[in-house]
Amino acid sequence: MEYQVRPRPGILMSLVVNTLSVLAVAYVLPGVHVASAWDAFWVAIVLAILNSTLKPLLVIITIPFTIITFGLFLLVINAMIIFFAEGVLNGFTVDGFWWAVLFSFLITALNSFLFNLSGKQG
């Protein structure tokens, strides 16, 4: 059996896909508001930074809660990351916890779909 290494997408491609996902999901969800495409780009950047720095720390700290809830506490962590991004950015608002959970779920699903469509892993 031959092992194939899939190339990872470049940072620019990831930011473009994430920006498009943020725009599309914010358009569909009435509880998530993005003022402009430029603000969606900044949302993608801030989410990337928070997901690579703050999220791993939160996951480690909350391991007991995650185990007790069979992993569902990760939804709370994702919502927290969304709210942190909302606090940093002016052109991005989320109306509540469940909108943040749904937003993070749909962003993840759409990003996976778009990266699979392009033949690259995200």
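The values are calculated or read from the model by the stated rules, or taken from the named source; none is laboratory data. None of these values were measured; they are calculated from a predicted model. With ideal geometry, Cβ positions are generated from the backbone for all residues, glycine too; neighbour counts draw on all protein chains shown. Protein only, heavy atoms only, side chains kept; ligands, DNA and RNA dropped before computing areas. Shrake-Rupley method; radii C 1.70, N 1.55, O 1.52, S 1.80 Å.
For the range 77-90: of the residues being open to solvent by less than 40 Å² (accessible area, probe 1.4 Å) and of a type in the set (Val, Ile, Thr), which is nearest to Leu50 (Cα to Cα)? Among them, the one singled out is Ile81. Restrict the check to the range 46-54 and report whether at least one residue is more than 23 Å from Asn116 (Cα to Cα) and open to solvent by 40 Å² or more (accessible area, probe 1.4 Å). Yes, there is a match, as at least one residue in the range 46-54 is more than 23 Å from Asn116 (Cα to Cα) and open to solvent by 40 Å² or more (accessible area, probe 1.4 Å). Against the list (1) modelled with pLDDT under 95; (2) open to solvent by 60 Å² or more (accessible area, probe 1.4 Å), the condition Ile61 fails is (1).
Checking each residue in the range 20-39 for being in contact with a helix residue (DSSP H, G or I) (Cβ under 8 Å, 6 or more places away or on another chain) and open to solvent by 20 Å² or more (accessible area, probe 1.4 Å) picks out Leu20, Leu23, Ala24, Val28, His33, Val34, Ala37.
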